[in-house]
Amino acid sequence: MQLGEDKKLPFNMKVVFFAVGGGALSAILALSLVTGSGLALMLAYLAPFPLFLVGLGNGGKPAAIAAFAGIIFAILLGGPLSGSVFAVMNTLPCWLAIRLALTSRTQDGREEWFPVGNILVTFAGYGSALFVMALIFLITPTDSIAQMVKDFLSTLIGTVAPSLSAEHKEGFVDQMSHFFPAMVLVSWMLMTTINAVLAQGVLTKSGKALRPSPKYGELTLPDLASWAFVACATVTVVASGDIEYVARNLTVVMALPFLALGLTVVHKLVRMTRFSGALLAAFYLLLLLSIWVALPVIGLGLIEQWIGLRKRIPSQPPFQEND
């Protein structure tokens, strides 16, 4: 294996300034959350974009400079705690993803790049590790994990929506507490992944990408992913209490790579129809409106992982074959 930054890439003061500026912009976007506005939330979601833009277009060393600069700016703007959160949630996973994305090897005279599916599984593993580590530091001997989450959500709802009735607050907290950690982690994974894809797209169009854009329709996952998912799901079924709660949320986190894999199957199936664009738009609208739509897609991803559904689907739509 060799890393993209090991190639003879330009590394001068212009690149350094660009990296420092990217890190500073990322920190500013992330810390815009303290303003509490809706626009700030959208800006915070874009915090990984400058880091990916620097790394995927210039290599691992500039990415490390951008990460370090971002942490320093976050500390200066928000203090040590903000800097630590920014490092854990933005710079470290972005830098790791960049290093993996720029890893390649020469096989039979052809350059092969690190699979994006493996990077997605790495994100899931990183998020799961964060969840477990947070529990180690936050858990108390008296309260269960579920109760801790409920108490946190009750305080949050009381601050954000103080006019909400007690009955509605209790119902909302009870409903959200079951999967709240997983919802936070999945949201983070999605936004980090989307920012990486956007940055790669911008760099590819400008001719500055260090690696060719992956063919997302050919996404594959390592075998370890299915074993991790099955193990978490099994523990969820047989365990109880805190162990069941942790396993349940980890199952949701580990399901995200299979959701992505299932979507590749959906895309290939829809391409067999005459109105693929309209069907895909309707499907994604349903997916946004109801989380239950994701369950059969995750199932498709698992089946694809085990038996290879896409190989059994014709590449050419039937109506084109008859023309």
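The values are calculated or read from the model by the stated rules, or taken from the named source; none is laboratory data. The structure displayed is predicted, hence computed values, not measured ones. No Cβ is skipped: glycine too gets one built from the backbone with ideal geometry, and neighbour counts run over all protein chains shown. For the accessible areas, the whole protein counts, side chains as well, though only heavy atoms, and no ligand, DNA or RNA atoms are used. Shrake-Rupley method; radii C 1.70, N 1.55, O 1.52, S 1.80 Å.
Since only A199, I136, F68 are under comparison, the one whose Cα sits farthest along the positive direction of the charge dipole of the chain, derived from C-beta charges on Lys, Arg, Asp and Glu, is A199. Remark: region 88-182 carries a charge dipole of roughly 280 debye about the Cα centre, counting +1 on each Lys and Arg Cβ and -1 on each Asp and Glu Cβ. Taking the 1.4 Å solvent-accessible surface of region 226-323 as the whole, the part contributed by carbon and sulfur is 71%. The alpha carbon gyration tensor of region 83-172 gives principal lengths a ≥ b ≥ c with a/c of 1.5 or higher and a/b greater than b/c, which makes the shape prolate. Distance between the C-alpha centres of region 24-91 and region 94-164: 16 Å, rounded to the whole angstrom. How big is the dipole moment of the chain about its Cα centre under a simple scheme where the beta carbon of each Lys and Arg is +1, that of each Asp and Glu is -1, and everything else is neutral? Debye, nearest 20, please. Taking the Cα centre of the chain as origin, the dipole is about 1120 debye. Fully extending the segment from L92 to W113, taken as 0.36 nm per residue of separation minus the present Cα-Cα distance, adds 5.5 nm. Here the spin labels are modelled as points 7 Å beyond Cα on the Cα-Cβ line, and at D151 and M13 they lie 5.5 nm apart.
Once you've got the GNM for the chain with C-alpha springs shorter than 10 Å, pick whichever of E244, E112, E167 has the biggest mean-square fluctuation. With Cα springs under 10 Å in the chain, the top fluctuation among E244, E112, E167 is at E167.
Surface analysis of the chain yields an accessible area of 56 Å² per residue, using protein heavy atoms and a 1.4 Å probe.
Membrane-span-like helices of the chain, defined as complete DSSP H segments with a Cα extent of 24 Å or more along the helix axis and a mean Kyte hydropathy of at least 0.5, are identified as 13-31, 60-78, 116-138, 180-205, 241-270.
Compute the Cα gyration tensor for the chain, then decide on rounded, prolate or oblate, letting a ≥ b ≥ c be the square roots of its eigenvalues: rounded whenever a/c is under 1.5, prolate when a/b is larger than b/c in the other cases, and oblate in all that remain. Oblate, because a/c is 1.5 or more while a/b does not exceed b/c. Distance between the 7 Å Cα→Cβ label points at V85 and M191: 1.1 nm.
Projected label points at I307 and T220, each 7 Å from Cα along the beta carbon direction, are separated by 2.0 nanometres.
When the pairs K14/K215; K61/K215; K61/K208; K215/K268; K14/K205; K14/K61 are compared against a 23 Å limit on Cα-Cα distance, K14/K215; K61/K215 fall above it. A Förster radius of 22 Å, combined with the Cβ-Cβ distance separating A231 from L135, puts the computed FRET efficiency at roughly 0.80.
Remark: the Cα gyration tensor places region 248-302 in the oblate category, a/c being 1.5 or greater and a/b not exceeding b/c. The stretch between A281 and D174, if pulled fully straight at 0.36 nm per residue, gains 35.3 nm over its current Cα-Cα span.
Selection among F18, A247, G125 by position relative to the dipole of the chain gives F18 as farthest towards the positive end (Cβ unit charges, Cα centre).
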